[in-house]
Structure formats: structure tokens, C-alpha cells
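The values are calculated or read from the model by the stated rules, or taken from the named source; none is laboratory data. This one's a predicted model, so the numbers in the text were calculated from it and none came from an experiment. Quick reminder, even Gly has a Cβ in these numbers, built from the backbone with ideal geometry, and neighbours come from all protein chains shown. Quick note on the areas: whole protein, heavy atoms, side chains included, nothing else; ligands and nucleic acids left out. Shrake-Rupley method; radii C 1.70, N 1.55, O 1.52, S 1.80 Å.
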Amino acid sequence: MAGKTLYDKLWDDHLVAITDDGDALLYIDRHLVHEVTSPQAFEGLRLASRRPWRIDANLATPDHNVPSSVEERVAGVDGIVDPVSKLQVVTLDDNCEEFGIEEFKINDARQGIVHVVGPEQGATLPGMTVVCGDSHTATHGALGAIAHGIGTSEVEHVLATQCLRQRKMKNMLVNVDGELRPGVTAKDIVLAVIGKIGTAGGNGCAIEFGGSTIRKLSMEGRMTICNMAIEAGARVGMVAVDETTLKYVEGRPYAPTGENWEKAVAYWKTLRSDDDAVFDKVVELDAQDILPQVTWGTSPEMVASIDDTVPGPDDFAEPVRKAACERALQYMGLKAGQRIRDIQLDRIFIGSCTNSRIEDLRAAADVVKGRKIASSIKEALVVPGSGLVKRQAEAEGLDKIFIEAGMKWREPSCSMCLAMNSDKLGAGEHCASTSNRNFEGRQGFGGRTHLVSPAMAAAAAVAGHFVDVNELVGGAQ
Amino acid sequence: MKPFTQMKGLVAPMDRANVDTDMIIPKQFLKSIKRSGFGPNLFDELRYLDEGQPGQDCSNRPLNKDFPLNFPRYQGASVLLARENFGCGSSREHAPWALEDYGFRCIIAPSYADIFFNNCFKNGVLPIALDADIVDRLFQEMYASEGYQLEIDLEAQIITTPSGEVIAFEVESGRKHCLLNGLDDIGITLQQADAIRAYEEKRRKEAPWLFSRSA
Ligand code: SF4
């Protein structure tokens with residue numbers, strides 16, 4: 001019999017039962033809760049007079065509706081100007097209070113984007129099943145966990161039963177091998193993967209990212225990659241456990257200690273695909289082929305290298321893709337054949353659950369240090385992913401570097417990733433963004449998003465247009 | 001979820017085809033953080049003369065006197081008689097939430113939109129599909145006699161009219177079981193509570209760190 005993949009192992013370890021209709025009942029170790037997708041789930045519990053099955057498996061924090069501006073934040077929840085946003089945050093507070101769920105409230109230092117907070121606290125651990133009413137839950141798979149987003153009715157189901165009814169996904173392996181070029185980061189890798197396999201490439205699959213390049217990445221880099229598995233069509237992205245994982249987890253507030261730590265490590269070390277495991281799909285990438293990436297269109301697969309030009313409808317064979325290209329160019333206000341470096345930018349956004357961790361901020365600060373952002377840039381926002389990331393960055397003086405360069409240093413939240421608080425793009429504005437979705441209107445009505453790495457966003461802020469980060473910072477890693 | 005076994009209730013008409021989910025509950029009410037309390041806004045655009053806003057007190061709003069649900073004779077109705085393709089449009093569960101919150105436990109129509117049909121069962125509302133000519137006859141009988149009530153017996157899968165006529169209806173056995181016992185997906189999963197507990201017991205031994213916060 002063939003060996004097991006990492007996904008197979010984790011699946012088997014969490015299988016409670018197979019139901020009559022062939023669904024699996026999968027046990028959920030960690031349920032992360034935020035304010036947008038939970039209110040009706042809690043309401044459902046109340047209406048049915050149910051209680052959460054296991055209260056300590058849940059952890060909550062508000063992120064989407066939380067304002068990023070210091071002025072709005074000082075007054076806490078009361079300071080939230082938009083009444084709909086405020087009500088959602090207040091409702092989360094009330095629900096957590098009523099059901100006894102631990103919550104990092106708005107101005108708690110531990111508050112932040114739920115996908116930054118989970119790993120940072122050790123609340124998401126290797127070997128866990130992790131779910132949250134948010135599609136970027138795949139992030140937590142970087143630790144060697146099954147992690148994915150769920151809908152509101154499933155949020156209620158997990159709260160009430162600690163289980164999810166599921167069908168097993170297929171196994172897909174994305175192997176990236178070789179040495180990365182200077183200035184190329186985890187974000188560029190995942191954008192290149194999506195460019196190669198398309199946004200439907202991972203449909204129905206759990207993607208394991210492997211290969212020597214991935215092994216060499218830090219945990220934060222791995223999180224960036226798993227975060228965008230969903231943009232490659234896969235609900236689950238994961239990386240096998242290794243020494244890097246164990247070092248990252250050790251000493252975090254929710255991580256096991258003492259005897260439990262030893263036991264856990266022994267188990268976690270088994271969390272890798274067997275050498276003879278069989279994957280349904282395998283994709284190989286050579287790290288040397290990856291240059292800094294920039295998306296030019298309205299889907300993450302519409303991506304090019306910094307040295308490329310914007311493609312045109314004629315570059316695509318299938319009619320559907322031709323039409324999509326045409327529409328995207330029109331929306332983005334770009335011309336086929338235009339050089340990526342000639343795209344002028346209006347705003348810069350460094351943040352989101354993809355790229356708002358300390359290493360991301362360091363990479364951006366490295367580029368802007370001692371420089372000023374271009375006068376044509378209306379605003380450059382830097383939004384740390386959590387209160388603790390913010391604190392760490394300030395301890396390292398990164399906030400000063402950003403502010404001196406002319407950027408804005410904000411409070412932790414999802415911010416302009418989806419424009420649910422007041423950080424938005426104006427119609428027609430181009431933004432170099434470290435987030436994960438470049439859909440029409442995602443960052444504000446009529447806004448034009450270009451997805452890039454933090455270093456590339458910082459370089460674009462300085463230049464006012466896209467530029468190879470290596471031209472600013474010689475040999476930056 | 002409330003179990004559905006037998007009921008006897010006043011019948012009200014929604015006498016038009018292709019009633020969509022926006023008509024059942026207009027989109028401005030979807031921003032709500034609740035799933036209850038949609039009853040006053042059921043068929044909002046048809047029921048009231050002004051434009052409804054979320055969170056508004058509906059008791060003082062101007063009523064559309066021509067809309068049947070506002071007729072005195074239909075007050076307290078719990079069975080909705082409707083036409084073809086009832087509930088088409090979006091997949092939002094707000095539509096059955098609103099019907100249920102208003103007080104409808106049963107809908108009778110010739111056909112339904114798929115997702116709406118499923119969502120009804122998840123929310124304790126029984127949608128019955130009958131031949132169009134039978135539905136038509138029920139409409140006529142209802143219009144002819146004020147206080148027209150129907151008796152619905154899910155177990156026996158029959159509707160009894162005031163004249164004593166018995167009409168049989170179909171319902172898929174799994175769904176019938178859930179409705180009769182008030183089981184939603186969660187209810188069904190909770191029937192396996194012992195298996196979940198047994199799993200937890202085993203896991204607690206194998207992987208104790210998952211159950212103890214060490215901070
Ligand atoms: S940062 Fe963006 S993608 Fe991530 S959870 Fe928030 S809104 Fe979603």
C-alpha cells in the first residue's frame with residue numbers, strides 16, 4: 001500500500017465517524033471567530049437553546065471592521081464611526097461574553113487579523129484542524145495543520161458540535177526547488193504558482209507546498225504561501241512540520257510546555273508526507289525561474305514578472321480568457337504591451353493576513369529606509385497584522401522609518417485589504433498592495449489593485465511606479 | 001429547530017408565480033446580524049407603502065390595504081398558498097427565516113426553487129408541492145370561504161380540507177425524519193454525540209496538549 005500524505009494523516013487522525021450519507025464527521029481542534037461571519041451563528045445557537053460544545057476550542061478577535069486610524073481607535077469600540085461596523089464588533093463582544101469565549105478585544109495588544117493572531121499566540125498548532133468563517137484560514141496550514149474557511153451555517157455547526165461534515169479533498173503537491181533569486185520572496189513564489197496553475201488549479205484539492213525552496217522559508221513566508229492557496233482554488237494549503245516549525249511554535253502563549261511539549265514534538269515530527277505517498281496532482285516550479293511578481297488584472301492569476309509587459313487578448317488562446325483579459329485591461333486602465341514598470345501608482349498598502357507580519361514589515365522598511373516616497377503617491381499605508389506585531393515593529397524602530405519616508409503607520413486590522421473600514425481606494429486609483437485579492441472593487445469602488453510582495457510595494461512607493469526592488473536595494477533577500 | 005408533526009392553520013394567499021427571495025425579504029434587511037426578527041419585513045415592498053429600513057419599528061408604517069396579508073381575514077395565517085417557482089433568486093437563508101418568523105410553518109405551491117426548498121427544511125418550514133390544478137382548486141376554496149383552514153399531517157403525508165377531502169403529498173424520507181424530530185444538520189450531528197465524546201476521550205489521552213491551555 002502506498003504511503004500517506006500529510007493531509008491523509010491529519011484527516012485520519014480527526015475522523016470521528018462516517019455518516020449514513022457518506023459524509024465524514026471531522027473533529028475540529030481550533031475554531032477562530034471574528035465579527036463578520038459569526039453573529040447569525042451565535043443567534044442560531046440561542047434560538048435552538050444550544051451551548052458551544054467545547055468553549056476552550058474557540059478564540060475570537062475582531063478584525064475586518066476595526067478602524068486602522070489612531071484617532072478612531074483611541075476610543076475603542078465607541079470610536080468606530082460606521083454604525084454597521086460598530087454593531088458587528090459590539091455583537092462579537094456580547095456573544096463572546098454570553099458564551100464564555102475568549103476574545104482579544106479591539107484595543108487588546110493581542111488583537112489583530114485572526115490569521116496573524118492564531119499562529120502568533122500558538123493557538124493554532126501543528127497537527128490541528130483549524131477552521132474559521134473566512135477563506136484565508138488556509139494560512140494556518142503552514143504549521144502542518146488542516147486549516148480552511150467555512151460558511152456561517154458551518155460556524156454554527158462547529159460551535160455546537162465541534163465537528164464538521166465533510167468530504168475528503170484530493171491531494172495535490174506543489175514542489176518548488178532551488179535557490180531563490182535576490183529580492184524574490186514567498187509572495188512572489190505563491191503568485192508565480194497561481195500564475196502557472198490558475199485560480200481553479202487547486203479546485204477540490206488540499207495543496208501541500210514542498211521542495212527545497214519551501215523548506216528554506218521562514219514560518220512567516222510559509223504562511224504567506226498557504227494564505228493564498230485559496231486564490232489557487234484550494235481551500236487547504238499546508239507545509240510539512242520541520243525544525244523551523246518547532247522553533248517557531250516553542251514558547252508561544254498557547255503552545256504546550258514541559259512533558260506535553262515533548263509528547264507533542266514526537267507526534268509533530270511524524271507530520272510529513274511519506275516518501276512513497278501518492279498525490280493526485282503534482283506541479284513543479286524551479287525557484288530560479290521566479291522574478292518579482294506584479295498582478296496586472298482583476299484575478300490573481302493575471303500576474304507577470306517585473307520585467308514583463310502587460311499581455312493583451314491576443315496572448316490567450318481560449319475565448320473566455322481573451323474576453324477576461326480584455327475586460328480586465330479596461331477595468332485596470334492598462335494597455336496591452338505596456339511595461340509593468342510603467343504602471344504609475346496612487347496608493348500603497350502594506351498589510352493584510354498575507355503580508356503584515358514582522359518579517360514583512362522589516363522587508364518593506366529595509367527598502368524605504370533613508371528614502372522618501374514619491375510625491376505622486378497620495379497615501380502609503382502600513383498596517384501591522386496584530387497589536388504584538390505593531391509593538392515589535394516599534395521596538396525595532398520600523399514605525400519611524402516608515403513615517404520618515406512619508407508613510408502612515410496604522411493600528412492592526414484588515415484595513416484596505418477589503419475596504420470594510422474607512423481605508424479605501426478611490427475610483428480609478430492604482431494601488432500596489434500586499435494583500436491577496438485584486439477583484440474589481442475589492443479595495444474600494446473602481447479601485448485598481450496590483451498584488452505584490454512587501455519589498456516590491458515599498459520599492460513602488462519610493463519610485464511612484466513599479467520597479468525591481470533589486471535596483472533600490474542591492475541583493476536584498 | 002421546531003419539530004413539525006401535525007398542524008391546523010389558517011390559509012393565506014400569495015397569488016403570483018415566480019415570487020423571488022428579494023420579494024420575500026428585500027436586500028436592505030440582509031445587513032442584519034440576526035436571523036430572527038425578519039417577520040415584520042416579510043414581503044416588505046408589497047406589504048407597506050413606504051420603503052422599509054432595517055431596525056425600524058414597522059407598527060406605524062403605512063400598510064398597503066390591497067395586499068392580502070393585510071386583510072383582516074388572513075391575520076394569524078400559518079399556511080401560505082402560492083404559485084409556481086416560489087422562492088427563486090438568491091440562496092440566502094433570510095427568506096425562510098422571514099416566513100418562519102412571520103408565523104408560516106407550511107407552504108403549498110406547485111413548484112419551488114431548489115435552494116429555497118432545501119433551506120425551508122433546514123428552518124422548520126414544510127414546503128409541499130402539489131399538482132397545479134389541485135393548488136388552483138385550493139385557491140378557489142380559500143377565496144370562497146373566510147376562515148379557511150387546512151390540516152396537515154406530516155407523518156401520514158396528508159392534507160385534509162374543511163370539507164373532509166384528503167390530499168396526499170410527497171416528501172423525501174430523510175427530510176421528513178428531520179422535520180418530524182426537529183433535527184437540523186446540527187441536530188443530526190448531535191445524534192452522534194457519543195461518538196464525538198469517545199473521540200475526545202481518546203484524543204485527550206493521545207494528544208493532551210490539544211485540551212489544555214498552558215499559558
Ligand atoms: S486581511 Fe483581507 S483577506 Fe485577510 S482576513 Fe482580513 S479581509 Fe480577509
* Find which of A:P313, A:M332, A:G297 sits farthest along the positive direction of the dipole of segment A:268-343, computed with +1 on the beta-carbon of Lys and Arg, -1 on that of Asp and Glu, about the Cα centre. => A:M332
* Asked: At q = 0.11, 0.23, 0.25 Å⁻¹, what is the log10 ratio I(q)/I(0) for segment A:140-240, with the Debye formula run over Cα points and no solvent?
  -> -0.34, -1.19, -1.34
* To do: Please find the FRET efficiency linking A:S375 to A:S49, where r is the Cβ-Cβ separation and R0 is fixed at 51 Å, and quote it to the nearest 0.05.
  => 0.25
* Asked: For chains B and A, what's the summed buried accessible area, probe 1.4 Å, to the nearest 100 square angstrom?
  -> 3300 Å²
* Asked: In Å, what is the Rg of the alpha-carbon atoms in segment B:84-162, and how long is Dmax?
  -> 13.0, 36
* Asked: What GluC sites (Glu not before Pro) does segment B:1-87 have in DSSP loop regions with at most 13 other beta carbons within 10 Å?
  -> B:E51
* To do: Give the carbon-plus-sulfur fraction of the accessible surface of segment B:6-181 in %, rounded to a whole number; probe 1.4 Å, heavy atoms of protein chains only.
  => 48 percent
* Structure fact -> Buried by partner chains in segment A:256-270 (accessible area down by at least 50 Å² vs chain alone, 1.4 Å probe, heavy atoms, protein only) are A:N260
* Gap separating the Cα centres of segment A:225-247 and segment A:155-179, nearest whole Å -> 11 Å
* Asked: List the lysines whose alpha-carbon lies under 29 Å from that of A:K369, not counting same-chain residues fewer than 8 positions away?
  -> A:K187, A:K216, A:K378, A:K390, A:K400, A:K408, A:K424
* Are there residues in segment A:139-164 whose accessible area shrinks by at least 30 Å² when all protein chains are included rather than the chain by itself, and which are they (probe 1.4 Å, ligands and nucleic acids not counted)? -> A:E156, A:H157, A:T161
* Given R₀ = 60 Å, FRET efficiency for B:H177-A:K408 by Cβ-Cβ distance, to 0.05? -> 0.55
* To do: Measure off, as a whole percent, the carbon and sulfur share of the 1.4 Å-probe accessible area of segment A:96-201, all protein chains present.
  => 45 percent
* To do: Write down the Å³ per residue value for the convex hull defined by the alpha carbon atoms of segment A:426-477.
  => 62 Å³
* Any chance you could get the radius of gyration and Dmax over the Cα atoms of segment A:106-169, in Å? => 12.2, 39
* Could you let me know the centre-to-centre spacing of segment A:64-138 and segment B:96-173, using Cα atoms, in angstrom? => 44 Å
* What is the magnitude of the charge dipole of chain A about its Cα centre, with +1 placed on the Cβ of each Lys and Arg, -1 on the Cβ of each Asp and Glu, and no other charges, expressed in debye to the nearest 20? -> 540 debye
* If one puts a single equal scatterer on every Cα of chain A and applies the Debye formula without solvent, what log₁₀ I(q)/I(0) results at q = 0.07, 0.10 Å⁻¹? -> -0.34, -0.71
* **Candidates per chymotrypsin sites (Phe, Trp or Tyr not before Pro) in segment A:238-331, loop by DSSP, up to 16 other Cβ within 10 Å** => A:F316
* Using the Karplus curve 6.51 cos²θ - 1.76 cosθ + 1.60 with θ = phi - 60°, work out ³J(HN,Hα) for each residue of segment A:346-353 in order, rounded to whole Hz, and write x for Gly and Pro. => 9, 9, 10, 10, 10, x, 6, 5
* Alpha-carbon radius of gyration plus Dmax, which is the widest Cα pair, for segment B:6-181 in Å -> 15.6, 45
* What part of the accessible area of segment A:260-360, given as a whole %, is carbon or sulfur when the probe is 1.4 angstrom? -> 47 percent
* Once amide H atoms are built 1.01 Å from N in the peptide plane, which residues 5 or more positions from A:V283, or in another chain, come under 5 Å H to H? -> A:L173, A:V174, A:N175
* Would you mind working out the accessible area per residue for segment B:6-181, using a 1.4 Å probe, and quoting it in Å²? => 45 Å²
* Which trypsin sites (Lys or Arg not before Pro) in segment B:181-215 pass both tests, a DSSP loop state and at most 16 other beta-carbon atoms within 10 Å? -> B:R213
* Pop out the ³J(HN,Hα) list for segment B:28-39 in order, Karplus 6.51 cos²θ - 1.76 cosθ + 1.60 with θ = phi - 60°, rounded to Hz; leave Gly and Pro as x. => 5, 8, 7, 6, 4, 9, 10, 10, 10, x, 7, x
* Structure fact -> Residue separation between A:K86 and A:A395 times 0.36 nm, minus their alpha-carbon distance, gives in nm 108.2 nm
